[in-house]
């Protein structure tokens, strides 16, 4: 049976300590996930059973300073320590130097070299690429990952066909921007992602809700976001094909500590569910994820 992987990236979701500052540990935040795991997502969580792995992994990458998105994501998607490569943690978007890692070492390109297929599930719009051309926006890491592999981007008609998901899961923001015609439920989005995952060797979906909620330092907003993620992830699991393994990971902590507006040094969760789960028990930090996937392709 060929292995398939869904890589679900949840921006800014770390594992912290219990307390009023940490909505991730609130029993009402992710009740379905908590039921599956049998315990709250806290800094020392360790669960390993057949087809199921949950553990904390390092996101600091041996580089001083707070972990940041561009270098963290590049590390996840290449297997190379982008923070050491840059000599610092780099926030926000990819630059030319990070492209020098992504272009030769990107996960999509490496999977395709081994005869597999890759796809980015996120919904894009012409306006995004127009903003790039006008230098109002810069490329995200996942955009460069897809672009350097020569793969197409999913546009509105694919969303309408159930073959693309906006980064907010439900598509509410996409509808407000005129990119989509109607929002969907987290459960529907989860079914769509599981279906895409069954048809590709590697399927990536990025969600940034948790990082935005962490920066906002609003407990109720964080709870709403975590409950949406909870419904979405468990719907993916409910619809997962027998040959597909779901990998959930983040680039740095944030939403698990609302006492501060910035990122944290906390470990991030690595949650793997599916037939290849045990192939990830050696993973200790963000550099090990791409190699672990490639070893199973």
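The values are calculated or read from the model by the stated rules, or taken from the named source; none is laboratory data. The structure displayed is predicted, hence computed values, not measured ones. When we count neighbours, we look across all protein chains shown, and the Cβ atoms used for this are built from the backbone with ideal geometry, even at glycine.
Descriptive notes on the structure:
- Residue that is part of a loop (DSSP other than H, G, I, E, B) and either touching a residue at least 60 places away in the same chain (Cβ under 8 Å) or over 18 Å from the mean Cα position of the chain (by Cα) (or both), where the choices are 132, 169: 169
- Residue 111 within 18 Å of residue 223 (Cα to Cα) and either part of a loop (DSSP other than H, G, I, E, B) or at pLDDT 95 or above (or both): no
- Only one of 116, 150 that is more than 15 Å from the chain's Cα centre (by Cα), on the phi > 0 side of the Ramachandran plot and either surrounded by 15 or more Cβ atoms within 10 Å (Cβ to Cβ) or free of Cβ contacts under 8 Å to residues at least 60 places away in the same chain (or both): 150
- Within the stretch 13-21, not a single residue is on the phi < 0 side of the Ramachandran plot, surrounded by fewer than 20 Cβ atoms within 10 Å (Cβ to Cβ), in contact with a strand residue (DSSP E or B) (Cβ under 7 Å, 6 or more places away or on another chain) and modelled with pLDDT of 95 or more.
- Taking the stretch 21-35 as the range and being assigned to a loop (DSSP other than H, G, I, E, B), touching a helix residue (DSSP H, G or I) at 6+ places or on another chain (Cβ under 8 Å) and touching a residue at least 60 places away in the same chain (Cβ under 8 Å) as the test, the residues that pass are 26, 28, 29, 30.
- Residue 42 being crowded, with 23+ Cβ neighbours inside 10 Å and either on the phi < 0 side of the Ramachandran plot or in a loop (DSSP other than H, G, I, E, B) (or both): no
- Residue match in the stretch 180-191 (condition: under 19 Å from the mean Cα position of the chain (by Cα), modelled with pLDDT of 95 or more and within 30 Å of residue 260 (Cα to Cα)): yes
- Just one of the listed residues (94, 82, 70) is modelled with pLDDT under 95, within 18 Å of residue 146 (Cα to Cα), within 18 Å of the chain's Cα centre (by Cα) and surrounded by 21 or more Cβ atoms within 10 Å (Cβ to Cβ), and it is 94.
- Test for residue 57: is it in a helix (DSSP H, G or I), under 18 Å from residue 10 (Cβ atoms) and in contact with a strand residue (DSSP E or B) (Cβ under 8 Å, 6 or more places away or on another chain): no
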